[in-house]
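Heads up, the thing below is written out as structure tokens.
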Amino acid sequence: MNGREQWGTRAGFILAAIGSAVGLGNIWRFPYVAYENGGGAFFLPYLFALITAGIPLLIMEFTLGHKYRGSAPLSYARMNRKTEWIGWWQVAISFVIATYYAVIIAWAMSYTYFAFNQRWGEDTGGFLMGEYLQRIDVVSGGAPGDIGALVPGVFIPLVLVWIITLGVLFKGVKRGIEIANRIFIPLLVVMFFLIVIRAITLNGALAGLDAFFKPDWSEIMSPGVWVAAYGQIFFSLSIAFAIMITYSSYLSKKSDITNNAFITGFSNSSFELLAGIGVFAALGFMANASGVAVADVADAGIGLAFVVFPEIINTFPGMNGLFGVLFFGSLVLAGLSSLISIVETFVSGVQDKFKFSRRKAVAIGGGLSALISLLFATQGGLFFLDAADYFINQFGVAFAGLVSVIAVSWFLKKLPELQTHADGVSDFRLGSWWKICLSIITPIVLGFMFIQNLIQNLT
Ligand code: PHE
Ligand code: NA
């Protein structure tokens with residue numbers, strides 16, 4: 001236990017935690033989720049979820065890692081042998097996510113390169129599915145579930161993504177993860193600020209922002225909106241993925257917990273807000289240029305980033321190459337710093353469990369997920385990617401979060417002990433709100449979400 005690696009500085013840890021949190025979810029998920037769920041009115045459930053679940057759980061996970069000084073499985077095992085499986089379950093979720101998260105970063109890498117001369121042409125949707133992804137049902141008449149051939153255009157950047165990620169992890173916590181985030185995150189912030197500034201000065205930007213912020217209070221009481229807010233907070237803060245426990249297990253004994261959690265949580269949300277502004281300003285420009293309503297160009301996920309944005313970049317008034325490179329480049333940086341954290345969870349878990357060296361754990365754990373991810377670089381890849389993503393969202397995140405709060409607060413009754421631990425090292429003390437949020441509010445809301453989800457799946 002004495003030989004555990006450590007962060008070099010407090011800033012190093014915070015940057016790594018922010019690096020994990022700020023990812024594809026901020027840039028392509030948040031703007032659309034907010035827009036779809038009430039626009040300006042969404043901020044109410046969103047902030048509620050952040051304050052009552054996001055930050056309290058982040059504090060809980062930071063405390064678990066800091067107190068028990070282990071990867072997620074080892075920390076849960078040290079708290080109580082009966083809960084080790086919760087850690088492994090979270091590690092398993094992370095493992096699945098890593099396999100396809102890497103693929104999307106690989107696409108962003110290709111598109112960074114394509115952006116220089118808008119290689120995607122006029123028909124950006126056709127280019128994505130046909131020429132670039134070679135989707136099997138589009139180009140060679142196979143069924144969506146067929147694997148087909150490996151797609152070299154995806155395969156090559158994917159190998160690059162894994163070389164970078166595993167290379168960073170090989171170097172360890174201080175000289176790998178910390179240094180990578182010290183470079184990636186400041187660069188990402190600068191690049192993203194440039195994008196946002198350019199976007200809000202475009203013609204039509206105001207109409208886009210108006211569409212984004214205009215509050216629609218009519219749906220505020222509908223459960224779906226609250227489910228969306230909690231789902232976004234969990235995914236976005238990388239909570240219940242074993243990550244934050246792992247990262248905080250590398251803190252030195254005297255490091256602050258509570259303040260670091262607040263800094264991480266608010267930085268992530270600020271970045272989300274910034275992304276929402278940038279994305280919707282650009283969508284407003286696009287709508288204006290093609291004479292349609294913002295609603296007609298708003299899209300989510302893959303469609304937003306790889307179909308609509310290339311179109312926007314095509315229509316750009318000058319320097320469109322630069323704007324494209326900034327946009328896709330920031331997806332790559334945000335994605336890589338998250339991927340590093342996801343893979344580190346199982347590297348660390350395997351290291352602790354089997355007493356492997358870091359290098360061996362990276363080679364085995366990281367190597368395995370890299371190999372599996374090659375499945376998504378085939379002509380049938382998109383089909384599997386959708387399936388994996390659906391599976392994770394239905395059975396993973398919120399449920400794993402629910403189980404962990406119930407185990408810690410109700411079964412093991414550990415909250416008072418954890419609070420004492422956090423208060424002992426932190427810049428400021430936790431009030432009773434923390435225990436109330438974790439033991440009452442969060443289980444009720446998440447339990448409700450889970451039941452709601454079940455009903456939806458059964459009907
Ligand atoms: N928090 C990251 C994002 O917003 C996603 C992520 C989820 C990263 C799970 C790691 C683990 O994109
Ligand atoms: Na995020």
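Here are some notes:
- Nonlocal amide H pairs with Gln6, under 5 Å, H built at 1.01 Å: Lys174
- Prolate/oblate/rounded label for the range 272-334 (Cα gyration tensor, a/c 1.5): oblate
- Each Lys and Arg Cβ is given +1 and each Asp and Glu Cβ -1; about its Cα centre, the chain then shows a dipole of about 2260 debye.
- Gain upon complete extension [Leu458, Leu206; 0.36 nm per residue less C-alpha separation]: 86.5 nm
- Computed [θ] at 222 nm, helices only, for the chain once each DSSP H run of length n ≥ 4 contributes -39500 (n - 2.57): -21000 deg cm²/dmol
- Over the range 404-459 - Rg/Rh using Cα atoms and the Kirkwood inverse-distance radius: 1.16
- Label-point separation, Phe428 to Asn393 (7 Å along Cα→Cβ), nm: 3.6 nm
- Viscosity 1.002 mPa s, temperature 20 °C, Stokes-Einstein D of the range 326-433 from Kirkwood C-alpha radius, µm²/s: 121 µm²/s
- Sorted by Cβ neighbour density within 10 Å, fewest at the top, the residues Phe411, Phe327: Phe411, Phe327
- Each of Asp352, Asp216 was scored by other Cβ atoms within 10 Å of its Cβ. Listed from fewest to most, they are Asp216, Asp352.
- FRET E, pair Asn117, Ser357, Förster distance 60 Å, beta-carbon r, rounded to 0.05: 0.85
- Mean projection of the Cα convex hull over all viewing directions, computed for the range 85-146: 5.7 nm².
- Span from the the range 131-148 Cα centroid across to the the range 410-424 one, whole angstrom: 52 Å
- For the range 102-187, the calculated P(r), taken from all Cα-Cα distances in 5 Å bins from zero up to the bin holding the longest distance, is 3, 13, 17, 18, 16, 11, 9, 8, 4, 0 percent.
- Fully extended contour minus Cα-Cα distance, from Glu219 to Leu47, at 0.36 nm per residue: 60.3 nm
- Cα centroid of the range 307-323 to Cα centroid of the range 1-72, whole Å: 32 Å
- For the range 10-458, the spherically averaged projection of the C-alpha convex hull amounts to 20.5 nm².
- The range 218-286: mean projected area of Cα convex hull, nm²: 6.8 nm²
- Which listed pairs, of Lys67/Lys413; Lys82/Lys414; Lys174/Lys253; Lys171/Lys360; Lys171/Lys353; Lys174/Lys413, have C-alpha distances above 24 Å, in listed order: Lys174/Lys413
- Sparsely packed trypsin sites (Lys or Arg not before Pro) within the range 297-373, loop by DSSP, other Cβ within 10 Å at most 11: Lys355
Every read-out reported here was derived from the displayed coordinates using simple, explicitly stated rules and does not represent laboratory data. Quick caveat: nothing in here was measured; it's all calculated off a predicted structure. Cβ sites come from the backbone with ideal geometry, for glycine too, and all protein chains shown count toward neighbours.
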